[in-house]
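Inspection log for the structure reproduced underneath, given as structure tokens.
The values are calculated or read from the model by the stated rules, or taken from the named source; none is laboratory data. Everything numeric in this text was worked out from a predicted model, so none of it was measured. Every residue, glycine as well, gets a Cβ built from its backbone with ideal geometry; the counts of neighbours run over all protein chains shown. Only protein heavy atoms, including side chains, enter the accessible area calculation; ligands, DNA and RNA are left aside. Shrake-Rupley method; radii C 1.70, N 1.55, O 1.52, S 1.80 Å.
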Amino acid sequence: MSLGVKVAGLGLTEVDYKTGLIHLSTEAARLFGLGETEMTVPRSVVHATFHPDDRENLMLLINEALNPQGDGVLITDHRVVWPNGQMRWLSARKQVFFTGEGKARRAVRATLAVLDMTTEKLALEAVKASESFVRNVLNSLPEHVVVLDKKGTITAVNEPWEHFALENYGSSGNVSAGVNYLDVCRRSFEKGDFEAKKVLDGLEAVLAGNRNEFVMEYPCPVSGGHDLWFLMHAKRVNHKIIGAIITHTDITEHRRTEAALRESEVRLALVVEEVKAGYWDWDLVTDIIYFSSEWKRQIGFEEDEFINQEEKWENRLHPDDRNMVANEIENFIAGRQPNFELQFRLRHKDGTYRWIHSRGALLRDQDAMPVRMLGINLDVTDYMKNQELSAQRDEMEKSFRLYVASQTAAAIAHELNQPLTAISYYAYVAQDILNSGKPNPQKLTSVLEKCGQQAQRAGEVIQQLLALLHKGESLAEPLDINKSAVLALDLVKANSHLNSFKIELNLADDLPLVMTNAVQVQKVLINLINNSLESMTESGRREGAITVSTYRSTKLSSMAQVTVCDCGIGVPDAETLNKLFQPFYTSKSKGLGMGLAISRALIEAHGGKMWAEQNPVSGLSVHFTLPFVL
């Protein structure tokens, strides 16, 4: 039996509901894309292989089979996705075994047999392409077969035919050997079945030699009160015997798929029309490419004005974009990058360039070789112009902040100049008194008092300037630091261009509230995340991740700790690391050097600390702490 199972490509599994484990044979492990050896894994590992579009329905079917009131049988076809992205169709039959009676009845184990049905499913897809191809495929993969002599009497039936009759009608006697099939059709027609009349006329024409074959689709009522759809193919036999071979193939799923496909095509057409998406389809084997009407309209052409040729559109690419687009296409087809999504410029009919956002996907054959590449183009010219204006606005804001900073520095210098000059003068007088050889304590005391008064005046100037800068800031209040991290990330995504970079959140559960100011903490987080994005961009990376983590401080349990970790350029040495939080220190060509200094001041104002560490491989991690609410 094991040899038969192996030859048939049948995968067998055993489920233990008590332990939650499932044992897979070598073939079952291969069919689910989990490996090439026999293994035992948690049920969730197998469930994770289910195609996302099938997973919800499959889990419902699985739960129904586990219902103690049911028979525990599950029969279904579904898709699985292998680690390499390949999709396979599996036909599965499952039997759940129960123990106990009544309310104590529960599932204890199950056996599952799976078979790779990908080839059959691909054949079914081919049905949609061509009726002649459908006939050839179904003729080579018959399910229910009946052999008639020249008078229409059944001389033989195959086992699938008998099994179907037994399962749905309790007996195969009505359509078994020795019964006249034409008489069966006549009796059905007399009872009001007009489909039977079509079958009768077609078979009589074939048996009489007036037709070589007869094909029709018809509904067949079965047990349960519903209909199955079959494709009947009757072919005349004229060799040693004269008669016909009739093949009945179940096409119920095919008709459902066609209906779903038509509905899907209607929805897709509506969506494409609504969003004004230009569709393109490139046959990689024949090198023939198709552009939709909307694709052509995006660059100013009517349907008959633009030829569907690859070099035709490539010549319209902006010279600065051609190498980039060619490399992206080559890398995607070769499998060196998982997604195809990029922006480039195409020359419009009027000579201007339009910004295009393009997304594509690959279709592969049974050998996983790419055969077609298709996708959509969106005209994002207006969006790119807005981005450019936004960048210009940001640059103006930076210039304004630099101007404000310079004016602030000038104001500080002006306000502090007089008290500092006075302090310097009084210090000189005090030194002169001490060096005169005739100390005058009373005069020296007076000089030092005036020196102290000027120092106090300088301090008051600084406090007044700080109060002005912090004007309008709210007081500290209890705050969920995780919610602040999520909100800061949303604000960064809304105002920054992430390119291929990712920002990941690693937030600890059940952290107590912290005592701080929500606006100020968001400013700090946004500043740290933006610094990380700039560092990763300057490093030349095309992709990478920034991780924002929250957790209870390991050094002080009464503090929450937040870490922003990137994989950017970092800092060259420890000396530079120590200077990061100094005012007016910056490694950026356009930076003010105040962001980290202000961030640290805000955190320390709420009882926390901020520091930075160089990562072992690349990049920087900036940490800060805040006290929990007591």
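Those residues that are hydrophobic (A, V, I, L, M, F, W, C) and buried (at least 17 other Cβ atoms within 10 Å of the Cβ), I need them from the stretch 302-328; list them, please.
Correct list: Phe306, Trp313, Leu317, Val325.
Per-residue answers, yes or no, for (1) free of Cβ contacts under 8 Å to residues at least 24 places away in the same chain; (2) open to solvent by 20 Å² or more (accessible area, probe 1.4 Å); (3) part of a helix (DSSP H, G or I):
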| residue | (1), (2), (3) |
| --- | --- |
| Asp510 | yes, yes, no |
| Val521 | no, no, yes |
| Met536 | no, no, yes |
| Arg542 | no, yes, no |
| Ser557 | yes, yes, no |
| Thr563 | no, no, no |
| Gly568 | no, no, no |
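So which residues in the stretch 616-628 are at pLDDT below 90 and either surrounded by fewer than 18 Cβ atoms within 10 Å (Cβ to Cβ) or within 16 Å of Gln561 (Cβ to Cβ) (or both), if there are any at all?
Pro616, Val617, Ser618
Go through the stretch 42-61 and count every residue that is aliphatic (A, V, I, L, M) and loosely packed, with under 12 Cβ neighbours inside 10 Å.
Going through the stretch 42-61 one residue at a time, the tally reaches 1.
Find the residue count for the stretch 362-372, including only residues that are under 19 Å from the mean Cα position of the chain (by Cα) and open to solvent by less than 50 Å² (accessible area, probe 1.4 Å).
1
Might you check whether a residue that is open to solvent by 60 Å² or more (accessible area, probe 1.4 Å) and touching a strand residue (DSSP E or B) at 6+ places or on another chain (Cβ under 6 Å) occurs anywhere in the stretch 184-197?
no
Here are some conditions: (1) open to solvent by 70 Å² or more (accessible area, probe 1.4 Å); (2) at pLDDT below 75; (3) under 30 Å from Glu341 (Cα atoms). His226 meets all but one. Which one does it not meet?
So the condition that His226 fails would be (3).
Would you mind stating whether Asp367 is of a type outside the set (Lys, Arg), within 30 Å of Thr286 (Cβ to Cβ) and at pLDDT 65 or above?
So Asp367 fits the description; yes.
Please go through the stretch 229-246 and give me each residue that is open to solvent by 40 Å² or more (accessible area, probe 1.4 Å) and aliphatic (A, V, I, L, M), ordered by number.
Passing the criteria: Ile241, Ile242, Ile245.
Only one of Ala123, Ala129 is at pLDDT below 80, surrounded by 14 or more Cβ atoms within 10 Å (Cβ to Cβ) and not β-branched (Val, Ile, Thr). Can you tell me which?
Going through Ala123, Ala129 in turn, just one is at pLDDT below 80, surrounded by 14 or more Cβ atoms within 10 Å (Cβ to Cβ) and not β-branched (Val, Ile, Thr): Ala123.
Filter the stretch 15-41 down to residues that are more than 22 Å from Met87 (Cα to Cα) and in a loop (DSSP other than H, G, I, E, B) and give me whichever is least open to solvent (accessible area, probe 1.4 Å).
It comes out as Gly20.
Would you mention how many residues in the stretch 350-361 are of a type outside the set (Val, Ile, Thr) and surrounded by 15 or more Cβ atoms within 10 Å (Cβ to Cβ)?
Number of matching residues: 6.
Which one is surrounded by the most Cβ atoms within 10 Å (Cβ to Cβ) among residues in the stretch 523-534 that are closer than 30 Å to Glu341 by Cα and hydrophobic (A, V, I, L, M, F, W, C)?
So the residue we want is Leu528.
Just name the residue that is nearest to the chain's Cα centre (by Cα) out of those in the stretch 69-120 that are of a type in the set (S, T, N, Q) and surrounded by fewer than 13 Cβ atoms within 10 Å (Cβ to Cβ).
Within the stretch 69-120, the match that is nearest to the chain's Cα centre (by Cα) is Asn84.
Taking Pro160, is it touching a strand residue (DSSP E or B) at 6+ places or on another chain (Cβ under 8 Å), in a loop (DSSP other than H, G, I, E, B) and either surrounded by 13 or more Cβ atoms within 10 Å (Cβ to Cβ) or modelled with pLDDT under 80 (or both)?
no
Within the stretch 375-387, take every residue that is outside any helix (DSSP H, G or I) and open to solvent by less than 40 Å² (accessible area, probe 1.4 Å) and give me the one that is nearest to Gly278 (Cα to Cα).
Asn377
One residue is enough: does the stretch 526-537 have a residue meeting the conditions in contact with a strand residue (DSSP E or B) (Cβ under 9 Å, 6 or more places away or on another chain) and charged (D, E, K, R)?
Taking every residue of the stretch 526-537 in turn, none turns out to be in contact with a strand residue (DSSP E or B) (Cβ under 9 Å, 6 or more places away or on another chain) and charged (D, E, K, R).
Open to solvent by 40 Å² or more (accessible area, probe 1.4 Å), within 20 Å of Lys385 (Cα to Cα) and of a type in the set (Lys, Arg): does that describe Arg336?
Against the criterion (open to solvent by 40 Å² or more (accessible area, probe 1.4 Å), within 20 Å of Lys385 (Cα to Cα) and of a type in the set (Lys, Arg)), Arg336 does not qualify.
Consider Gly360 carefully, then state whether it is part of a loop (DSSP other than H, G, I, E, B) and either among the charged types (D, E, K, R) or at pLDDT 85 or above (or both).
no
Take the residues in the stretch 359-378 that are without any contact (Cβ under 8 Å) to a residue 24 or more places away in the chain and not basic (Lys, Arg), then tell me which one is farthest from Ala326 (Cα to Cα).
Of everything passing the filter in the stretch 359-378, Asp367 is farthest from Ala326 (Cα to Cα).
Mind listing whichever residues of the stretch 246-262 are charged (D, E, K, R) and at pLDDT 70 or above?
Across the stretch 246-262, the qualifying residues are Asp250, Glu253, Arg255, Arg256, Glu258.
Take the conditions in contact with a helix residue (DSSP H, G or I) (Cβ under 7 Å, 6 or more places away or on another chain), more than 26 Å from Arg364 (Cα to Cα) and part of a strand (DSSP E or B) and apply them to Leu12. Does it pass?
So Leu12 fits the description; yes.
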